[in-house]
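Step one of this worksheet: look at the structure below.
We did not get these values from a lab; they are worked out from the coordinates using the rules stated. Computed from a predicted model, the values in this text were never measured in an experiment. We place every Cβ from the backbone using ideal geometry, glycine too, and count neighbours over all the protein chains shown.
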Amino acid sequence: MTRSPALIAATPDAATPAVSPDDAWLPVCALADLAVERGAVALMDGEQVALFRLLDDTVLAVQQHEPHTQAMVMSRGIVGTRGGRPVVTSPLYKQVFDLASGECLDTTKGERVALVTWQVEVRDGVVHLGSAHGPGARAAA
Amino acid sequence: MNTSPSQTQPDGGSADPDVAARPLAGSTAAALPAEVAAPAASQVSAPQRVVVVGGGMVAQRFVEALRDRDDAGRHHVTVLAEEPRAPYDRVALTSYFSGRDPEALALGDPALWQDPLVRLVRGDAVTRVDRDARTVMTASGRTFPYDELVLATGSDAAVPPIEGNDLPGVFVYRTIDDVAALRGWVEERAAAASRPVRGAVIGGGLLGLEAAGALKALGAQATVVQFGTHLMSAQVDLGGGEALRRLINSLGVAVRVNTATQRMRPSRRTGAVGRLDFADGGRLDVDVVVLATGVRPRDELGRAMGLEIGARGGVVVDDACRTAVQNVWAIGEVACIQGACIGLVAPGYAMAEVVVDRLLGGAATFPGADTATKLKLAGVDVASWGDAFGSTPGSMEVVWADPVGGVYKKLVLADDARTLLGGVLVGDATAYASLRPMLGRALPGDPAAFLLPEGGAGAPELELPDDAGVCSCNNVSAGTVRAAVTEHGCTDLAGVKACTRAGTSCGSCLPLVKKLMTAELARSGVEVSNALCEHFDLSRAQLYDAVRVAGLTSFSEVVARFGTAEAGRGCDICKPVVASILSTVAPAHVLDGERATLQDTNDHVMANMQKDGTYSVVPRIPGGEITPEGLLVIGQVAKDFGLYTKITGGQRIDMFGARIDQLPGIWQRLVDAGFESGHAYGKSLRTVKSCVGSTWCRFGVQDSVGLAVDLELRYRGLRSPHKIKLGVSGCARECAEARGKDVGVIATDNGWNVYVGGNGGFTPKHAVLLAEDLSTEELVRTIDRFLMYYIRTADRLQRTAAWVADYEGGVDAIRAVVLEDSLGICADLDAAMVLHLETYEDEWAATLADPDKLRHFRSFVNAPDEHDRTLAYVAERGQARPATAAERAGAGAGPVLVAGTTLEVRS
């Protein structure tokens, strides 16, 4: 995605996750702030991260940026499972993404699309984000 | 042909510095360094420079096919177009009158011209070809070297040698510019005169009838003057021409056949064309004349190059579209192939594919011209294929003519009375798609059965052989369509179209493609499963019954009880289906508890997501009736929140560009002013469109607005397998276009007629009559039952048209269910509708009253006061629209970008 820095200075390129360089866990919100099986967005140092709380209170995090359309919408997709793996469906054109790996499960010929994912931990009822993985994710320091 | 480097690049090969030096996509040709000569270092696989002279439909197809098939990207193609625009759909030229927008004539994917291996030079005619130096010179003085030269110069309109053919007011009909000039002239004349503009078209062929339609569309009178015995004499026989003449007459176009035009005389007053004199002594006063007597191949470059020219013009090529000069090809109307030039687009496309195949080392040959024609002239269907005139010795004709209904159909059969040689269809060409591929094959059963009107004896099902052509535009056979299903795993029409390209040009073969696909799906057995998805083996209708009978009220219960063994937590297919089922079985708010997790984002935030992730908002305006105060409220809300506004097709107002976090604020204002959700986002009732009816209209026989308001308030919020639209017209003039709706009501002197199963969109369908002359009470009960029965038994995303068509016994069987209670379920259906009416609440008002539900509209879970700052907008025609990727990238150079649409105004 190419964007002019002058245009949206407050928003870093969505493909470059902002995680503290020392790989620390950053608190985001209370688990109770997240609805079960319905996404939410966190703003982390200008970057939008989609959070999904599953039925068993596991929380998974992927980029909010939808790679096919460049729109900030991943959190608004329907959460479900495919072959037992937790997935989210892009609300615009309905591509299905594996929430744990970020992989797009509905790619067309040869296309390789994946979402950046973050490690997530819930500590004492508070959701924490760890390091990012995936295309364009900053290498762990 | 051989395209080895040694043969095509005698200079030892050169890279293409032109393309290498080319700036990125989006720049105009004028900004480019034009001439090229600098030889580059030899490369193992130097790119081939392909120059196409001409920028018409065939050139477009050539480039498309080359880019599609040249996987290695070895060819750089430059298209030199004389017209100042990209290739456009010349076949649809007449539609330029209705839309006036040249963009609407755009062909294919415009991204083709942004491809780095493709260069389009517009508005520069080629003046000379140096076949020794292998260069092409243009009028502006630029030079383009080529390794392969493709002549696709097409034709221009032939101007018959009639005295006065150069008078002002005499036009030809070939390009957008011709059409624009004609329009300008007619509009000018109309403004100057107090009477209608009188137009004549000389030539009663395909183009002449198009031109006559265009004159009518411009509000002019039109007379078609045909030299021959009947209209479209190249395609249809005398009987068909007669039927066509009656149909054209009924559209208000006069027709003179057997008429030779001797001269065109100027008006003494204006000096422009004023009168036609005919050989038989007749005269016709005119203000404008369109010459549509034929086309002439533009072979002047070929002549200048010394290429062989056909007896009636055109550059002579062999079956591979090669001229006698190495590396020079000709395709489309300029090519004289197998002894003639062919003025149809499908053979031109076939030639383009042949040359691409040859350039890539293939051995394709031109399969012979398929001169089959199907067109729709101002609503009149005409089709002709094969030996339409029965000129094969021993052939026999089966004719069915209905002069009253304006239908003429003829099949030409071989002397065995079974083998189809050709045919003509005028007035009703529905049989064309299935009959044309049977050319040269034996028809099963009685041939006459194929000509009878729909609902007649019923023709036998045609089983097409694999090699039968289905889509002549793109040369796709029945076998290819079948293979799309069996080998490439396509399971829907969109997939088959994308895979085979069948039906992507004129679309006339789509019904046949769908039929083949469906049959093949059924045969392969896998896809005929009605299972919703991996989580449910049941179809939507089965699941509906199961949930209703079991009395379940939540997704977790439903998936535990009826899900597959490893049902998991559902998906974007089954969750909205369950939400829809529960909404009528166990009504609850869309955001109540677990229900909130089942909704698509549109139902979840009760607005319509648009391409940039923002939403649009549509308050309900029942029947399209709104007070001035209501309009002011909507206007003020849109203004305060910076929303783009547009009138919808359903007689209401859509406001675009709202962020998710703005929706509650917007709706608080709307709800306070008495508006409620319009459910524009739901698979549910959308609108009940109405005409103004007897309230104001001097023709109206019933209060259509009043009924529309009542129906809309009755069915608002009713969730269904797909969206539902209704319409009510106050008289038989049908201004509400009710028959294009799922349920259409048309007033009669005695009450209401109700039609069902209509829709617009991709496959438009007229609704069919369900019941006549109902009282308002009977009408409402009938619609109640029809809708509820549809909701219970239709498939997911199946509109009423498809449901009615698929329903065993069709509309007659549905009529028996809802009017005669043939299944004994009417009391049940009525009770279900009562439940809907009793439980309806405005879901936006309910959301605003519940802080838990409002949590769904937070921008950021950790920064609820922030909002999405990645959105960018551009002002256009006085409103904001989302910035394109290019505008974002080049911020500052182009139109002014604004960061968001919104002034921070909250209630």
Notebook entry, point to check: Just the Cα atoms of chain B: what Rg and Dmax do they give in Å?
Noted result: 31.2, 89
Notebook entry, point to check: P(r) for the stretch B:739-818: what percent of alpha-carbon pairs falls in each 10 Å bin, starting at zero?
Noted result: 19, 55, 24, 2
Notebook entry, point to check: Of the beta bridges DSSP finds with both residues in the stretch B:95-227, what % are antiparallel, to the nearest 5?
Noted result: 60 percent
Notebook entry, point to check: Relative to the compact globular guide of 2.2 N^0.38 Å, what is the alpha carbon radius of gyration of the stretch A:26-128, as a ratio?
Noted result: 1.01
Margin query: Modelling each spin label as a point 7 Å along the Cα-to-Cβ direction, I'd like the residue B:632/residue B:69 distance in nm, to one decimal.
Written below: 6.6 nm
Checklist line | Sorted largest first, extent of the stretch B:258-414 alpha carbons per principal axis (Å) | finding: 60, 47, 30
Next item on the list: Would you mind checking the tilt of helix B:663-672 against the longest principal axis of the Cα atoms of chain B, expressed as 0 to 90 degrees and rounded to 10?
Entry: 60 degrees
Next item on the list: Can you tell me the 0 to 90 degree angle between the C-alpha axis of helix B:176-192 and the longest principal axis of chain B, rounded to 10?
Entry: 70 degrees
Notebook entry, point to check: What is the Cα centroid distance between the stretch A:64-115 and the stretch B:559-620, reported in whole angstrom?
Noted result: 18 Å
Check: Can you list residues whose amide H is under 5 Å from residue B:155's amide H, if they're 5+ apart or on another chain and H is modeled 1.01 Å from N?
Finding: B:298
Check: Percent relative contact order of the stretch B:529-586, based on C-alpha pairs within less than 8 angstrom and at least six residues apart?
Finding: 42 percent
Next item on the list: Only bridges with both residues in chain B count here: give the DSSP antiparallel percent, nearest 5.
Entry: 65 percent
Check: How big is the Kirkwood radius of the stretch B:513-573, worked out from every pair of different alpha carbons and given in Å to one decimal?
Finding: 12.9 Å
Next item on the list: Determine the calculated [θ] at 222 nm for chain B from helices alone, applying -39500 (n - 2.57) to every DSSP H run no shorter than 4 residues and normalising by the residue count; nearest 500 deg cm²/dmol.
Entry: -8500 deg cm²/dmol
Note to self: Tell me the net charge near residue B:611. Cut-off is 11 Å between Cβ atoms, residue B:611 excluded, with +1 for each Lys or Arg and -1 for each Asp or Glu.
What the structure shows: -1
Item checked: Considering only the stretch B:630-774, percent of DSSP beta bridges that pair antiparallel, nearest 5 -> 65 percent
Margin query: Run the Debye formula on the Cα coordinates of the stretch B:683-841, all scatterers equal and no solvent, and tell me log10 I(q)/I(0) at q = 0.10, 0.21 1/Å.
Written below: -0.31, -1.44
Item checked: For residue A:103, distant residues with modelled amide H under 5 Å away -> A:98, A:115
Notebook entry, point to check: For helix B:57-69, what angle does its Cα long axis make with the longest principal axis of chain B, in degrees from 0 to 90 and rounded to 10?
Noted result: 70 degrees
Notebook entry, point to check: Which of B:752, A:25 comes first, and how do the rest follow, when ranked by fewest Cβ neighbours within 10 Å?
Noted result: A:25, B:752
Check: Computed on alpha carbon atoms, what radius of gyration and Dmax characterise the stretch B:170-293, expressed in Å?
Finding: 13.9, 42
Next item on the list: Could you work out the Kirkwood radius for the protein assembly as shown, taking every pair of different alpha carbons, averaging 1/r and inverting it, reported in Å?
Entry: 32.8 Å
Margin query: I need the Kirkwood Rh of the stretch B:372-461: take the reciprocal of the average 1/r across all distinct C-alpha pairs and report it in angstrom.
Written below: 13.0 Å
Next item on the list: Please work out the C-alpha center-to-center distance from the stretch B:760-815 to the stretch B:147-175 and express it in whole Å.
Entry: 52 Å
Note to self: Counting other C-beta atoms within 10 Å, and keeping those with at most 14, which DSSP coil GluC sites (Glu not before Pro) do you find in the stretch B:521-597?
What the structure shows: B:566
Margin query: Need one number: nm distance between label points at residue A:69 and residue B:886, each 7 Å from Cα along Cα→Cβ, rounded to one decimal.
Written below: 2.2 nm
Next item on the list: Quickly work out the residue B:156-to-residue B:769 label distance, labels modelled 7 Å from Cα along the C-beta direction, and quote it in nm with one decimal.
Entry: 5.5 nm
Note to self: Please list, in order, the residues from the stretch B:416-445 whose amide nitrogen is less than 17 Å from a point placed 7 Å along the Cα→Cβ vector of residue B:452.
What the structure shows: B:430-431, B:444-445
Margin query: I need the phi-derived Karplus couplings for the stretch B:719-736: 6.51 cos²θ - 1.76 cosθ + 1.60, θ = phi - 60°, integer Hz, Gly and Pro marked x.
Written below: 7, 8, x, 8, 5, 10, 10, 10, x, 10, 10, x, 6, 5, 5, 6, 5, 7
Next item on the list: Can you tell me how much longer the chain between residue B:92 and residue B:545 gets when fully stretched, taken as 0.36 nm per residue apart minus their C-alpha distance, in nm with one decimal?
Entry: 158.3 nm
